[in-house]
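The next block holds one structure in the form of structure tokens; read it before the comments.
The values are calculated or read from the model by the stated rules, or taken from the named source; none is laboratory data. Just so we're clear, the structure is a prediction, and the values are computed from it rather than from any experiment. Neighbour counts are summed over all protein chains in view; Cβ atoms, including those assigned to glycine, are modelled from backbone coordinates with ideal geometry. These accessible areas exclude ligands, DNA and RNA; they are computed on the full protein's heavy atoms, side chains included. Shrake-Rupley method; radii C 1.70, N 1.55, O 1.52, S 1.80 Å.
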Amino acid sequence: MLHNGKWQQMARARAFESSWTMIKLLGVLFCLIGVSLAVISTLRLRTNHNLHLHPDKYYPSSPPKHRRRLAPKPKEGFQFFQRNDPKTIDLKDGSTGPQLIRSAPPHSIRTPLRVCERMAPIPHEEDMKIMQKYASACPLSNNQPPEETSLLLLEGIQTFGRTGNNLIEFLHSLQYAKDFGAVVGIIHGSWPAHLITPMWMAVQDDASNSRHTSERAAAMAQWIDFFEQAFCVKILLEVEDGELDRYKEIIRMDTKELFLFQHANHGNLDEYIEFQGHILRTLFRSYNRGVGVSMRNHAVRDMCSGLDSIFGSEKYSTTYSVIHSRSLEGDPGMRLLSRIARNSGCDSMAALDMDPQYVKAILEPLGMLRHPILFITDHQRPEILEKLKADPDIGPNIHLIPTEASWVGGDITAAIMSDVFIGNPASSFSGFIAKSRVALGFDTNFMFRTKTVDGGWVDVCDHRCIFDKKVMNAMA
């Protein structure tokens, strides 16, 4: 039996040993917590730094067609971002006006680019290489300080012309910044956001929410972060006195000046096409699917609504052509078409009149006369449609996108994803479609044609004509 004093001494030793063991365990635990926090912080920084390479975190993709039936059914409610405008598309339930479509959101960059389940021909590796090239060159991603940054400031809501012109103005602003080493600065709520969000990159919130709710504030913060990184621009929430003084230079151009701007490509047309194509693909990676709101707080529409109204569930595989008929609105439009015809060598009237023989000379050699032909028009010259419908080869395959479903975004998408596009080079709407098709890898645009001595029709220039300022002047 141990002496009482010795027993107490041993008890104190064991207690001290137990306490020391507990202290060491707590030390290890705190170290593990510290390491975990460091890892999480690093991952967040890396995610933010590479967001331009992973926009699908905000705009996930529709599942590929071959997996669509295995994908879980989308939950009710908003999932992702979306516009409404003019004159050619029919919602299947017969309803009119802006619609909220509970459908899968847009595209993931992890897979080849698809729009409305239709594959874009551009090789995925080429697309990713170009995206990474311009993302890495962005001054904002390289933390360039304002004191070394020239800012091209876009402000106000007044624009020059219609949607086609406005899209040119936005593309030209980004090109100006690239050509002259500047950054585009956009006043929050100004014309670029009103132009873009109805068709692409809608704000992910319900239109029933007030602009002042915490939900809208969070959705807007997410939109600003995504938009800035997608286009290498700076969104300015409030321009207080002296805030712009931080920048090296403030450049102001109104939308007419932006429209008339001609790129300084120094003879390198291919580089210009590459950059413009990159911007266009950036838009179509985040095309609206009828979920979300525009910057004006309007519920947005589905860019696939035109294709859905005509082809339904077969839109991913249907072979079809699109004819875009544009009236050009009097003498100014005719002078523009004549000037483009002189610059390119194309016929000065064929793309305006859309005569059946002209259309057949394009579609017949491609075997497209036995497939659907979508006719998109501004309805100013109904006799063109009547002649096409009366033709025995063309008429049976003519389709009109129902009036209730016709809007600019749906028309644009249906034309861009067609197998063959026939348009008018003097129309900025046709021009945007043709440029987008080149960006996505399509090579079946027919806009610059002339008649040969034996009565046939031939192209007078390749896909680059629509981007060439020597041909298109300011519309390039």
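To keep it simple, each residue is scored yes or no on (1) basic (Lys, Arg); (2) on the phi < 0 side of the Ramachandran plot.
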residue	(1), (2)
GLY156	no, no
GLU169	no, yes
LEU174	no, yes
MET201	no, no
LYS234	yes, yes
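Here is a list of conditions, (1) in contact with a helix residue (DSSP H, G or I) (Cβ under 9 Å, 6 or more places away or on another chain); (2) over 30 Å from GLU249 (Cβ atoms); (3) of a type in the set (S, T, N, Q), and SER214 meets all of them except one; can you say which number that is?
Checking SER214 against (1) in contact with a helix residue (DSSP H, G or I) (Cβ under 9 Å, 6 or more places away or on another chain); (2) over 30 Å from GLU249 (Cβ atoms); (3) of a type in the set (S, T, N, Q), the one that fails is (1).
For residues that are outside any helix (DSSP H, G or I) and hydroxyl-bearing (Ser, Thr, Tyr), scanning just the stretch 404-422, find the one that is farthest from VAL300 (Cα to Cα).
Checked the stretch 404-422; the qualifying residue farthest from VAL300 (Cα to Cα) is SER418.
With the requirement that a residue be aromatic (Phe, Trp, Tyr) and open to solvent by 10 Å² or more (accessible area, probe 1.4 Å), what does the stretch 417-431 give you?
PHE429
Can we say ASP393 is closer than 19 Å to LEU363 by Cα, modelled with pLDDT under 95 and open to solvent by 30 Å² or more (accessible area, probe 1.4 Å)?
Answer is no for this residue.
Restricting the search to the stretch 459-470, which residues are of a type in the set (A, V, I, L, M) and open to solvent by 10 Å² or more (accessible area, probe 1.4 Å)?
VAL460
Each row is one residue, and each column tells you yes or no for (1) among the β-branched types (Val, Ile, Thr); (2) under 30 Å from GLU147 (Cβ atoms); (3) more than 21 Å from the chain's Cα centre (by Cα).
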| site | (1), (2), (3) |
| --- | --- |
| ASP205 | no, no, no |
| ASN209 | no, no, yes |
| GLU238 | no, yes, yes |
| THR255 | yes, yes, no |
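Does ILE376 satisfy the criteria of being closer than 24 Å to CYS465 by Cβ and either within 28 Å of the chain's Cα centre (by Cα) or among the aromatic types (Phe, Trp, Tyr) (or both)?
Spelling it out, ILE376 is indeed closer than 24 Å to CYS465 by Cβ and either within 28 Å of the chain's Cα centre (by Cα) or among the aromatic types (Phe, Trp, Tyr) (or both).
Taking only the stretch 349-373 into account, find how many residues are more than 31 Å from the chain's Cα centre (by Cα), hydrophobic (A, V, I, L, M, F, W, C) and open to solvent by 40 Å² or more (accessible area, probe 1.4 Å).
1
What tally of residues in the stretch 423-476 results from selecting those that are of a type in the set (S, T, N, Q), in a helix (DSSP H, G or I) and under 14 Å from SER344 (Cα atoms)?
1
For the stretch 317-348: of the residues being under 17 Å from ASP378 (Cα atoms) and in a loop (DSSP other than H, G, I, E, B), which is most open to solvent (accessible area, probe 1.4 Å)?
Filtering first and then ranking leaves GLU329.
Output the residues belonging to the stretch 133-165 that are open to solvent by 20 Å² or more (accessible area, probe 1.4 Å), in contact with a Phe, Trp or Tyr (Cβ under 9 Å, 6 or more places away or on another chain) and assigned to a loop (DSSP other than H, G, I, E, B).
If the condition is that a residue be open to solvent by 20 Å² or more (accessible area, probe 1.4 Å), in contact with a Phe, Trp or Tyr (Cβ under 9 Å, 6 or more places away or on another chain) and assigned to a loop (DSSP other than H, G, I, E, B), then GLU155, GLY156, ILE157, GLN158, THR159, PHE160, GLY161, ARG162 are the ones that fit.
Tally time: how many residues in the stretch 114-132 are basic (Lys, Arg), under 21 Å from MET303 (Cβ atoms) and not in a strand (DSSP E or B)?
Within the stretch 114-132, residues that are basic (Lys, Arg), under 21 Å from MET303 (Cβ atoms) and not in a strand (DSSP E or B) number 0.
For the stretch 123-132, how many residues are surrounded by fewer than 17 Cβ atoms within 10 Å (Cβ to Cβ) and either touching a Leu at 6+ places or on another chain (Cβ under 8 Å) or at pLDDT below 95 (or both)?
Residues flagged as surrounded by fewer than 17 Cβ atoms within 10 Å (Cβ to Cβ) and either touching a Leu at 6+ places or on another chain (Cβ under 8 Å) or at pLDDT below 95 (or both) within the stretch 123-132 amount to 2.
Which ranges mark the strands (runs of 3 or more DSSP E) fully within the stretch 175-292 that have 2 or more residues being open to solvent by less than 20 Å² (accessible area, probe 1.4 Å)?
Result: 182-187, 233-236.
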